[in-house]
Amino acid sequence: MSKVQALTSHIKSKISKSASQSSCYSLYNATNNKTRDKIQFATPEDIQQAIQDASSAQERWHRDHTPTQRSEILQKASYILTGRSDEITAHEVKDTGRTISEIKSYDVPAASRCLSYYANMPSILSNGTYHDIDHSFAYVKREPIGVTAGIGAWNYPLMNAVAKSAPSLSFGNSMLFKPSELTPNSALILADIYEEAGVPPGVFQVLLGDGSVGAELVASPSIGKVSFTGSVETGKKLCQIKAAAESNNFSKMTLELGGKSPFIIMEDADLDQAVTGAMQANWYSNGQVCSNGTRVFVHESLKDEFLERLVERTKLFKIGDPMQEDTEVGPMVSENHMNDVLNYIEIGKNADKAQLLYGGERVFSSLEDGFYLTPAIFSNCTDDMKIVQEEVFGMLMSVLTFQDEDEVIRRANATQFGLAAGIFTNDIKRAHRMANHLKAGNVWINNYNLGPVELPWGGCKHSGVGRENGSYDAAFEWTMGKSVYVEMDDI
Ligand code: NAD
């Protein structure tokens, strides 16, 4: 059997530590439970050296490169990434268990577009503003923050790495990126791509490891901004770590956290479209999407027809090897995560006493055959049920009914989360009125789960603070304003 070579951090200065001196973890293939990779965690020395290197590299990256020169480099990175699409896709499928068709059609093109979009942004947005004040004048420049850190989740590893690093680098910062310990490959490939495109060493570095590596980045007084994607629980830990470190330095932090989003089908909706939307909002990426519309509120007049069509179409889903082009649902990312999802299905059946209409079972009993589940549809759900309140992050849909618009808005907003919401209706006035009243960072009308780079992305309440993507939002998130007042009179 061939020996699996451990993946190591992509940092400017290699600190020579033998594998025995830092933790080395095995990762398992979700389709057969065989070792897929080993990763060697960055040591505290690696992290400190990388931060130091990121600091000197950032100064040169900003000082010695005009926005246009940085733009050319990022644009080149976008082309290289597209050229390496097959390789990236294969790694991303193996790491996440998500299907090849999704990653090829969404993740890789979206990552390339994101690089391209931010390549040109600073030339447009960092010119700042000019103000006449009495007889004098002032201008506001937008300047880089300095060293930034990105910490990613495992469901969209490439997109996490690109959505954080593209605007950060483009506005003249450097970045230390820590991917999820489950999905290290795409961030390492991205580091190669940046290097090939001409990003100087030290400007983008990848540190491998678990939460302890992330925690060191959050606590570092040399890092001016942390952009985090992950669970609410970890987000809260980050706030504590940051608060404790705040006596050394103040820094910015954005938190992109979990959700339990409402998906609302009004009585005037196109029912087939609504079924398609509900499936997209629950089964895409094997149900492992932060913004999934897992609380499906269907008007009581449509309930029976909706459930019938939903079950009928869900049964047709092709579950299997995510590397096959026609597979629609792959395995859960890990054995642990599969067990977490199964645990919620048990809670739904036995504690909540919701009605399991379809699915919620392992496809194969042996781990060697993969961590596959059938999508679970629960009906007769009520707002107080655990499966309706808590984020499952797997294929578990809770279906609830309602009678009128005011009621559904009130119940949709009765959650600790505020990431996303969906409305299916053919009444245009109602659609905008409802969008106005829903407390969420992203609202879709007659569609679901679309996140184009042009639109700011993020949540409110426990779903997080700050925004990713967008133009002005990104400029504010990844730069700081500097006001320069110019006196034209004697004082
Ligand atoms: P997680 O919180 O377990 O881990 C996320 C990252 O945080 C990992 O890189 C992990 O190593 C790191 N980490 C863990 N403990 C840490 C600590 N104490 N200090 C610093 N870093 C630490 O989340 P996950 O299981 O990887 O991802 C699933 C969660 O992410 C879900 O809740 C999902 O909703 C959320 N998510 C949100 C978005 C969004 O845009 N809002 C996108 C994707 C995923």
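One residue is enough: does segment 204-224 have a residue meeting the conditions without any contact (Cβ under 8 Å) to a residue 60 or more places away in the chain, surrounded by fewer than 21 Cβ atoms within 10 Å (Cβ to Cβ) and within 18 Å of the chain's Cα centre (by Cα)?
Checked against the condition, which is being without any contact (Cβ under 8 Å) to a residue 60 or more places away in the chain, surrounded by fewer than 21 Cβ atoms within 10 Å (Cβ to Cβ) and within 18 Å of the chain's Cα centre (by Cα), segment 204-224 yields at least one hit.
Kindly indicate which of V443, V408 is within 16 Å of the ligand (Cβ to nearest atom) and among the β-branched types (V, I, T).
Unique residue meeting the criteria: V443.
Looking for whichever is touching a strand residue (DSSP E or B) at 6+ places or on another chain (Cβ under 7 Å) and over 23 Å from Q58 (Cα atoms) here; the options are S247, S261. Which one fits?
The match here is S261.
Answer yes if at least one residue in segment 314-324 is within 16 Å of the ligand (Cβ to nearest atom) and in contact with a strand residue (DSSP E or B) (Cβ under 7 Å, 6 or more places away or on another chain), and no otherwise.
Checked against the condition, which is being within 16 Å of the ligand (Cβ to nearest atom) and in contact with a strand residue (DSSP E or B) (Cβ under 7 Å, 6 or more places away or on another chain), segment 314-324 yields no hits at all.
I need a count of the residues in segment 234-259 that are within 9 Å of the ligand (Cβ to nearest atom) and touching a Leu at 6+ places or on another chain (Cβ under 9 Å).
Total satisfying the criteria: 8.
Scan segment 262-277 and tell me whether some residue there is surrounded by fewer than 17 Cβ atoms within 10 Å (Cβ to Cβ), modelled with pLDDT of 95 or more and either among the aliphatic types (A, V, I, L, M) or assigned by TED's automatic domain parsing to the domain that holds E181 (or both).
yes
Among the numbered criteria (1) in contact (Cβ under 8 Å) with a residue 12 or more places away in the chain; (2) more than 13 Å from the ligand (Cβ to nearest atom), which single criterion is violated by K461?
(2)
Is it the case that some residue within segment 413-420 is under 23 Å from N155 (Cα atoms), away from the ligand (no atom under 16 Å from the Cβ), at pLDDT 95 or above and surrounded by 15 or more Cβ atoms within 10 Å (Cβ to Cβ)?
No - not one qualifying residue is present in segment 413-420.
Scan segment 66-77 and report the pairs whose first residue is in contact (Cβ under 8 Å) with a residue 40 or more places away in the chain and whose second residue is surrounded by fewer than 20 Cβ atoms within 10 Å (Cβ to Cβ) and of a type in the set (A, V, I, L, M, F, W, C), with Cβ atoms within less than 6 Å and a gap of 6+ or a chain change.
Taking only residues 6 or more apart or on different chains, the pairs are I73/A197; K76/A197; A77/A197.
For residues in segment 362-372 being over 27 Å from the mean Cα position of the chain (by Cα) and part of a loop (DSSP other than H, G, I, E, B), which is surrounded by the fewest Cβ atoms within 10 Å (Cβ to Cβ)?
S365
Just wondering, is there one or more residues in segment 133-144 that are modelled with pLDDT of 95 or more, on the phi < 0 side of the Ramachandran plot, of a type in the set (D, E) and surrounded by fewer than 22 Cβ atoms within 10 Å (Cβ to Cβ)?
Scanning segment 133-144 turns up no residue that is modelled with pLDDT of 95 or more, on the phi < 0 side of the Ramachandran plot, of a type in the set (D, E) and surrounded by fewer than 22 Cβ atoms within 10 Å (Cβ to Cβ).
With segment 250-358 as the region, which strands (runs of 3 or more DSSP E) entirely inside it contain at least 1 residues that are farther than 24 Å from G422 by Cβ and in contact (Cβ under 8 Å) with a residue 40 or more places away in the chain?
By residue number, 252-256.
If I filter segment 208-233 down to residues being more than 9 Å from the ligand (Cβ to nearest atom) and assigned to a strand (DSSP E or B), which single residue comes out as nearest to S291 (Cα to Cα)?
My answer is S227.
Answer yes or no as to whether D489 is of a type outside the set (F, W, Y), away from the ligand (no atom under 16 Å from the Cβ) and in a loop (DSSP other than H, G, I, E, B).
When the stated conditions are applied, D489 passes them.
The values are calculated or read from the model by the stated rules, or taken from the named source; none is laboratory data. These numbers come from a predicted model, not from an experiment. Cβ coordinates were reconstructed from backbone atoms using ideal geometry, including for glycine residues, and neighbour counts include every protein chain displayed.
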